[in-house]
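Nothing in this text is a laboratory measurement; each read-out follows from the coordinates by a stated rule. If you're wondering where the values come from, they're calculated on a predicted model, not measured in any experiment. Using ideal geometry, Cβ is built from the backbone for each residue, glycine included, and neighbour counts are taken over all protein chains shown.
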Amino acid sequence: MNKLRNFITLSLVFLLPLFFLPLTQEYFITNKIYLFSIGILLLLVLVAVQIFLTKKIAWKRSPFDAGLAFMLIATVLSVSITSPNKIEAILNPYFGLLMLLVLVLFYFFLFHNTDKKSAHRYLNLLEGGGFIAALITIIFFFNPLKNASLPAQLQFLKFSTFSTVGNQLDLAILLGFLFVANIASLFTKRRGGSPWVLTSLFVLAIALFMSIYNIVRPENQQLSILLTPISQSWFASLEILKNPLTAIFGAGVGNFAAVFTKVKDAFFNQTPYWQISSFNTSRSAILHIFTETGLLGLITFFFLFYSLWLELKKLSAENADKKLLYFGSAYVFMVLLIFPPSFISLFLFFFILFWVASESHSHHESTKQELNLSNLPPVYLGIGLILIALTVGAGYLLGRSYLAEYYSKKSLDGYAANKVILVYNSQRDALIYNPYIERFHINFAQTNLIIANNIASRGSKLTNQERQTVVQAVQTAINEAKAVVILNPQKASNWEALAAVYRYILNAVKGADSWSVSSLQRAIQLDPANPVYRLSLGGVYYTLKDYTDAVSSFEQAVALKPDWANAHYNLAWSDYQLKNYQKAASEMQNVLKLIDKKQNPNDYLKAQKELEQFKKQIPKETGNQNTQPSNLQLPNTQQQPQISPKLELPKGASPEAQ
C-alpha cells in the first residue's frame with residue numbers, strides 16, 4: 001500500500017509540468033486540477049483499504065497542520081456565506097475550493113510518505129518534468145510545425161508559444177522556481193557542480209528567457225497576457241472593508257470580478273484594458289485571497305508564512321538544504337505577492353511547505369501518531385466505509401463536472417465545423433451535467449438566438465409551426481440568460497449578457513425594448529464606469545427612436561471615454577435626429593480628430609462625408625426640417641430578426657421575473 005501511494009504521489013509531481021489534454025476548453029490547468037483530484041481520490045481509497053487491513057489509523061503531525069486547516073475553513077466559510085455561485089466557487093480554476101482542498105490533501109499525503117530522502121526524490125522528479133517541459137518550450141519556440149498539415153484538434157501545436165505547463169506566465173513561474181533551486185544547489189555539497197545541475201541550469205535559463213520573451217513580445221496580440229492593474233487590485237481589496245460581512249469573509253470565492261467593476265474608475269478607461277469589462281483575478285495572489293476570503297483568509301495565509309519562517313529558522317546551520325529552502329521560500333512569496341493566483345504558483349507554495357516540514361520532521365520522530373482500532377470493528381469499518389462513500393460521491397460529481405467541460409469543448413469543435421446540431425446537443429449536454437457554470441448558459445442562449453434568427457429571416461412568410469419554433473428558441477435563450485443572473489446577480493457582465501439577448505430580439509418580440517433597458521441599467525449600476533454599457537443603452541434608445549435618452553446615454557459614454565470615436569459618432573447622429581445640427585457637426589469633427597486616417601481610411605472618409613451633410617443642415621434649422629435617413633451603425637442592432645406581427649412571450653420572460 002505504501003509503495004502504491006508513493007507511486008501515485010511521485011507520478012503526480014512528475015506529471016505536473018507535462019500533463020494536458022485537448023479535451024476541454026482550457027487544455028492545461030483544468031486537466032491538471034482534475035488529474036490531481038483523481039490522484040487524491042485513489043489515495044483516499046488506499047487509505048480506506050489500509051484501515052480495513054491493518055485496523056489502525058496512522059498519521060504524522062506537521063508544523064503547518066493548524067495553518068492549513070484554518071485556511072481551508074476560511075475558504076469554506078467564504079464559499080458558504082458570501083459566494084453567489086457556490087459551484088463555480090468550488091470549481092474556480094484560479095483560486096477555488098476544489099483546487100485548495102486538493103493541494104492541502106496532497107501536502108498531507110506527501111508528508112505522510114516522507115522519509116529523509118523522499119523530499120529530494122520529489123524535487124528531482126519535479127525538476128525532471130520541468131526539464132522536459134523546458135526542452136519542449138525551446139523546440140516549439142522555433143515553430144517547427146508552422147506549415148504542417150494538422151487536424152483541427154491539434155492546431156494549437158502550430159503556435160510558437162505552446163507549452164505543456166499552460167500559459168507563458170505559469171511556465172515562467174515554474175521554470176523560475178526550478179532555476180532558483182538549481183542555483184541554490186550549486187552551493188550545496190551534495191549537488192554542487194554536478195553535470196546534471198549545470199545542464200539543467202543551461203536548459204532552464206534558455207527556456208525561461210524564451211517564456212519571458214513570449215510574455216513581453218507575444219507572436220500576436222491575442223496571446224498576450226493581461227494582468228489586472230495593481231491600483232485597481234488594491235482598491236478592490238479595500239472595497240470589501242466597507243461591509244462587516246465581506247470584511248470578515250471576503251466578497252466570496254470566484255467573485256473578484258464583481259468587486260473589480262465596483263472600484264473601476266474613469267481613469268481605467270484611459271488604459272489599454274478599457275474594453276475589458278472586468279478581470280477574474282487580482283494582480284497579486286495575496287490581494288486576491290484577501291479580496292475573496294476577507295481578513296479571515298488573509299490572516300490564515302500570513303499565519304502559514306509566519307510558521308514557515310519559524311521552521312526555517314529552526315533548521316540547523318549544517319542542514320544541506322537550508323539555503324535552498326530560504327531561496328525557494330523567498331521566491332514563492334515574491335511570486336504570490338506580484339502575480340495572480342494560479343494552480344502552479346499555489347502548488348509551489350504547498351511544495352515548499354512540504355519540503356520544510358519534511359526537513360523539520362526528520363528531527364522530530366515523535367510526530368508519528370497511531371490509533372489501534374482492532375478491538376473496535378464498528379469504528380474502523382465505519383471510518384473505512386465513510387471514506388469509500390465520500391470518494392465514490394466525489395468521483396461521481398467530479399466526473400459530471402469534467403463531462404460538462406468535455407461537451408463544452410465539443411460544442412466549440414461543432415462551431416468550427418459549422419455543425420449546428422453538434423453545437424446544440426453538446427451545449428445541452430454540458431448544462432445537463434453541470435447547470436451551475438455561467439458560461440455554459442450564455443453559450444446556449446447565443447446558439448438558440450442563432451436558430452431563431454435563421455428561421456425568422458423569412459419574415460412575414462413564417463408558418464404557425466415556424467413561429468412556434470422561434471418562440472421556443474427565443475424563450476430558451478432568455479431563460480438561459482436569466483439563469484446566469486440568477487446564479488450571480490452581482491456580476492455586471494451577466495446582466496449585459498441578458499440585455500444582449502433582449503437587444504437581439506427588439507424587432508421580433510413585444511416588451512423586449514423595456515426588458516433590454518432594464519437589464520442594461522442593472523449592468524450600469526454594477527459597473528458605473530463602463531462606457532460600453534452606456535453606448536449599448538444608447539443604441540437601444542436610438543433603435544426605439546427615443547433620441548433624447550439616446551443622447552443622454554451617449555453623452556455619458558463620451559464623458560467616461562472622451563477619446564472613443566464611436567461614442568462621439570453615435571452622439572453626433574443622435575443630435576442630428578433631434579435636429580441639433582450644430583452640436584452634431586461638432587461631435588462629428590471630434591470623430592475626425594480621433595480616427596487615424598492612415599489606419600482607418602474608410603471610416604475617416606465616411607465621417608468626413610457625413611460631417612458635410614450635417615453642415616448643410618445648419619443654415620436650414622429654421623427652414624426645411626426634413627432630415628436624411630441615418631446610416632449610423634449602432635452596436636448590436638445589425639442582423640436582428642424582423643417578425644410581423646411581433647411575437648408575444650409570457651411575463652416570465654422579463655428580467656424582473658426570477
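The length gained by stretching the chain between L135 and D265 to full extension, at 0.36 nm per residue less their Cα-Cα distance, is 42.4 nm.
Computing FRET efficiency as 1/(1 + (r/R0)^6) for R400 and I183, where r is the C-beta to C-beta distance and R0 is 41 Å, gives about 0.35.
Please report, in debye to the nearest 20, how large the charge dipole of the stretch 63-371 is about its Cα centre when each Lys and Arg carries +1 at its beta carbon and each Asp and Glu carries -1 there.
For this selection, approximately 460 debye.
The count of lysine pairs in the stretch 63-371 with alpha-carbon distances below 22 Å, taking only pairs 8 or more places apart or on different chains, stands at 25. About the centre of its Cα atoms, the chain shows a dipole size close to 700 debye [charges on the beta carbon of Lys, Arg (+1) and Asp, Glu (-1) only; nearest 20 debye].
At 0.36 nm per residue, minus the direct Cα-Cα distance, what do D563 and S514 gain on full extension? Give it in nm, one decimal, please.
The D563-S514 span can extend by a further 14.6 nm.
With a simple spin-label model that places each label point 7 Å from the Cα along the Cα-to-Cβ direction, the separation between Q521 and F333 comes to 5.2 nm. Counting only lysines at least 8 places from K583 when in the same chain, those with an alpha carbon closer than 22 Å to its own are K545, K561, K593, K606, K609, K615, K616, K620.
When the stretch 63-371 is described by a simple charge dipole with +1 on each Lys and Arg Cβ and -1 on each Asp and Glu Cβ, the residue from G297, I225, I138 located farthest towards its positive end is I138.
May I ask you to list the lysines whose Cα is less than 20 Å away from that of K410, ignoring any residue fewer than eight positions away on the same chain? K410 reaches K32, K419. Across the options P151, N488, A285, the greatest Cα extent toward the positive end of the charge dipole of the chain (unit charges at beta carbon of Lys, Arg, Asp, Glu) belongs to P151.
Stretching W196 away from I212 to a fully extended chain increases their span by 3.4 nm, per 0.36 nm per residue minus the current alpha-carbon distance. Once you reduce the stretch 24-99 and the stretch 268-316 to the center of their Cα atoms, the two points are 20 Å from each other.
When the stretch 63-371 is described by a simple charge dipole with +1 on each Lys and Arg Cβ and -1 on each Asp and Glu Cβ, the residue from I344, A89, I206 located farthest towards its positive end is I206.
Paramagnetic label reach from L295 (point 7 Å along Cα→Cβ; backbone nitrogen cut-off under 12 Å): within the stretch 242-270, residues 242-250.
Taking a straight line from the alpha carbon of K598, these aspartates and glutamates sit under 18 Å away, with near neighbours fewer than eight places off in the same chain left out: D563. When Kirkwood radius over Cα pairs in Å is calculated directly from the model, which label among (1) 26.3; (2) 28.1; (3) 24.4 fits? Identified label for the calculated read-out: (2). Between N372 and N600, the modelled labels are 8.1 nm apart [label points 7 Å from Cα along Cα→Cβ].
The modelled label-to-label distance between N454 and Q582, using points 7 Å beyond Cα along the C-beta direction, is 5.4 nm. Scanning the chain for trypsin sites (Lys or Arg not before Pro) that sit in a DSSP loop and have at most 16 other Cβ atoms within 10 Å, the longest stretch containing none of them is 191-418. When only the Cβ of Lys, Arg, Asp and Glu is charged (+1, +1, -1, -1), the dipole of the stretch 202-310 relative to its Cα centre reaches about 80 debye.
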